[in-house]
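Below is one structure, written out as structure tokens; the observations come after it.
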Amino acid sequence: MHVLTEVDPELIAQLRKADHFFWIDLDRPDPGAVRQLGAALDLHPVALEDTLEMGQRPKIEPYQGHVLLVFYTARATGGLDRPGEPQEVHIYISGEFIATVHPEPCQALVDLHASLAEEPTHDEEILIYRVLDGLTDAFYPVISAVEGQIDTLEVEILTRPKREHLGRSYRLKQNVRELQRLTAAQHEQFKTAHEFILALEGLTKGSRPYLRDIGDHLIQITGEFQRQLDDLFALTQTYFNANSDRLNAVASRLTVGGTIFVTYTVVTGFFGQNFGWLVDHIDSKHAFLTFGVGSLVVPTVVLLTLFWIKRHDWF
């Protein structure tokens, strides 16, 4: 199959005249190149308007002799708060060609250039499937990247929860929700897209329902993003629980210290009274150590022992 990366009207006219199926992939084309593509492939003006504007939702639009499929793929960014970024791709499909237009570099399509250039063109449905499958499978590295961020965040929260973890969790949740919303919409419209593509005049179909596999992958990807959303909601609750446990631990330590100092206050308050016996008999170093220091040390040892036993749930 011929793989083109720029609009060559003469070559396109030759390929169409020879009824040779081809793929043209335009990366960040200017408006002039898009209009030139439309003229070379006889694309509908309304479809070209969508491509010129970009920012479309996932959809399928049938026209005379071709369909416009607005399809989303994704790329892993390596960022902490936004590990995955959606990428919009406009795909024109007919029985003669497949054309892809994207406003930013799409590695998933670049990786297909060499392999599809060597593919025969007798089974055009398989070629379309390969392009859509490459775009769909690009979600899996993003899923893995998000999963890694969730696991890391969970470990950090359980170790020592900080306010910044809550912010990271919310930002990660927004990223996953955006991807889940796109893939869910894409899955909903793909059954219709599947039917429109197979109904195209002149398109040779495969011996197996290849395009149906794209729908299965979209179901799986949408389910993975939904699961990760659930994990992030649970992680937010884990943050608050961990923070509560931490506060409880601090309160427990303060309680232990306060209890000990209350005992000290009672003992020193008692010996600070001006009873005659206390004044007359506690007048030596031995008496001071026995009654004074001993009255502080013994209760402290008893209380600490009780707290230690309670801490280990021995009774």
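Key figures for this structure:
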read-out	value
Part-to-part distance (alpha-carbon centres) for segment 1-63 and segment 215-269, which is given in Å	55
Segment 114-214: GluC sites (Glu not before Pro) in DSSP coil with no more than 10 other Cβ atoms inside 10 Å	Glu118, Glu201
Antiparallel bridge percentage (DSSP; both residues within the chain; nearest 5)	70
Set of lysines near Lys59 by C-alpha distance (under 19 Å), chain-local residues within fewer than 8 positions excluded	Lys191
Under 24 Å from Lys162, Cα to Cα: lysines that are on another chain or at least 8 residues apart	Lys173
The chain: calculated mean residue ellipticity at 222 nm from DSSP helix runs of at least 4, using -39500 (n - 2.57)	-21000 deg cm²/dmol
Of Ile60, Pro103, Ser244, farthest towards positive along the dipole that unit charges on Lys, Arg, Asp, Glu beta carbons give the chain	Ser244
Radius of gyration and Dmax over the Cα atoms of segment 147-241, both given in Å	19.0, 63
Percent carbon-and-sulfur accessible area, segment 151-225, ignoring ligands, DNA and RNA, probe 1.4 Å	49
Rg followed by Dmax, in Å, when the chain is reduced to its Cα trace	35.3, 123
As computed over segment 52-98, the Cα convex hull volume per residue (Å³)	88
Residue-normalised accessible area of segment 1-116, given per residue in Å² at a 1.4 Å probe	44
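The values are calculated or read from the model by the stated rules, or taken from the named source; none is laboratory data. Predicted model, so just to flag it, every value in this text is computed and none were measured. Positions of Cβ are generated from backbone atoms using ideal geometry, with glycine treated the same way; all protein chains shown enter the neighbour counts. Surface accessibility is based on the protein's heavy atoms, side chains included, excluding ligands, DNA and RNA. Shrake-Rupley method; radii C 1.70, N 1.55, O 1.52, S 1.80 Å.
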